[in-house]
1. Let me cross-check Met142: its accessible surface, 1.4 Å probe, with only protein heavy atoms counted, in Å² to the nearest 10?
2. How would Ile510, Ile502 rank on accessible area, largest to smallest, probe 1.4 Å?
3. Once phi is turned into ³J(HN,Hα) by the Karplus curve 6.51 cos²θ - 1.76 cosθ + 1.60 with θ = phi - 60°, what whole-Hz value does each residue of the range 435-446 show in order, with x for glycine and proline?
4. Just report the Cα centroid separation between the range 179-199 and the range 418-455, whole Å.
5. Under a point spin-label approximation (7 Å from Cα along Cα-to-Cβ), what is the Val346-Glu385 distance to one decimal in nm?
6. Please compute the per residue accessible area over the range 418-537 with all protein chains in place, 1.4 Å probe, rounded to a whole number of Å².
7. For every other residue with a beta carbon closer than 13 angstrom to the beta carbon of Leu163, add +1 if it is Lys or Arg and -1 if Asp or Glu, then tell me the sum.
8. Please give me the summed charge of the neighbours of Asp523: other residues whose Cβ is under 11 Å from its Cβ, Lys and Arg +1, Asp and Glu -1.
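The values are calculated or read from the model by the stated rules, or taken from the named source; none is laboratory data. Keep in mind it's a predicted model, so treat the numbers as computed, not measured. Here the Cβ is made from the backbone with ideal geometry for all residues, glycine too, and neighbour counts use every protein chain on show. Areas reflect the complete protein model, heavy atoms only, side chains present, ligands, DNA and RNA absent. Shrake-Rupley method; radii C 1.70, N 1.55, O 1.52, S 1.80 Å.
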Amino acid sequence: MGVFSTILGLCGFGVGISAGLVIGYFLFIYFQPCDVKDPEIRPLVEQDTDSLQRMLPEIPPWVKSPDYDRIDWLNKFILHMWPYLDKAICKTAKNIATPIIAEQIPKYKIDSVEFETLTLGSLPPTFHGMKVYVTDEKELIMEPCLKWAGNPNVTIAVKAFGLKATVQVVDLQVFAAPRITLKPLVPTFPCFAKIYVSLMEKPHVDFGLKLLGGDLMAIPGLYRFVQELIKDQVANMYLWPKSLEVPILDPAKAYRRPVGILHVKVVRAMKLKKKDLLGASDPYVKLKLTEDKLPSKKTTVKHKNLNPEWNEEFNFVVKDPQSQAIEMIVYDWEQVGKHEKMGMNVVPLKELTPEEPKVMTLELLKNMDLNDVQNEKSRGQIAVELTYKPFKEEDIPKGFEESQEVPKAPENTPPGGGVLVVIVHEAQEVEGKHHTNPYVRVLFRGEERKTKHVKKNRDPRWEEEFSFTLDEPPIRDRLHVEVCSSSTRIGLLHPKETLGYIDINLSDVISNKRINEKYHLIDSKNGKIQIELQWRTSS
């Protein structure tokens, strides 16, 4: 009996469903209303704002509001630059995300999270208009309307507990109204120190998320949950007045441009103390301007002299006379080993009257600690003449301009990088112990370049240029330049010797684009070398 009732129930369910579909179809076809009115057609100008926005949701803001400007030129620029912007943005995003991921994954017992594929696709974002605010502050405020329906391919591999899962993000759509603030505006390229990005409203984000070949966003309820979660998280971090701060330049350094020249004349030193075993010293003076990354300058060495006279002049570029000072250190030159410090003193530039030479006789101190009892000991004196000459706006030398012209890098230069050019001009008063056949070794990041050999010449001239192509500016790197001499005779006795060297900090080269200086060679009596450095970019 139970089997019979089950069969009847199934038959009844099937017949009922079939009959319901047939009856519903006929009712839908034959019982539609026949009194449908023709739609009322009205000009767009007669429609209210809400009706227009419902009918034309994609209308650009520059049509609706006179505050927005049309920026088709920017969209064309982005379209042509997108293949390069894609690589640059992905590289930056990967560099930022990698340490953050590495810091977070231990909390969730995940072995690793790696980008297998990261590309933004071939479709660039478009700007449908931009509003620009004018304020009395040193800032520029822009509010673009951004829409991006892209075809990115972001594949992330997650490894945990010996298993690997691949997650892929596809078909991304982003509609956002950011506020971009450039401030403070500074007189150093790119002319702003920081970028602040805020969102004026919650962004619309839509994307596909594939896991093991299936679309996770097709799971009922998950799509809306993920979308709202992203909106809330992004809004909590960047919804105005909160902002994302991107530093570009150090504001304190960005405002500092050359404002004058300090002329230093080292006249003489008196009553120096004996440092050598034979009862004399070999003094020279090293000069350096504080808060300046350029190498020190030094006088010639006066052998076996406790009251040396130099009358040598030096020039320094001044950027902040209120905080900078000239530092003078007297050393005893040693043929072997470290040169011994004999004494020092410092003169703040704010103590100098512009355009007026000031002759000063300074006591040599062990250090600049006023509480150090060792400074009471007599170490001799040094006489100098200092003159600070501030620039007039029209008198700034071309070499001190931030915008000085430097040749552009080749077209195949990596985006964001450039070409470091080292030009070895000449050397003066270089002398070896056994031979003087000078040539120059340039060492940078493990690469070595050499100039030609100049035989039997204490003042060689090379005029040779070397280039290093880099992916990014060498802000924290140093360039090692060494003057060497090799023997022309066949034999193993003294085949090579070093005539002096310098290490140049490259940060000023990047900011100034070009530096052409004469440097005093370290471990050389009076040797100097003229090196020109250029940082060439494609932009």
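1. 40 Å²
2. Details: Ile510 25, Ile502 5 Å².
Result of the area sort, largest leading: Ile510, Ile502.
3. 7, 10, 10, x, 8, 10, 9, 10, 10, 8, 6, x
4. Centre-to-centre (Cα) distance: 42 Å.
5. About 2.7 nm separates the two model spin labels.
6. 50 Å²
7. Numbers: positive: Lys109, Lys159, Lys164; negative: Asp111.
Local net charge: +2.
8. Net charge in that neighbourhood comes out at -1.
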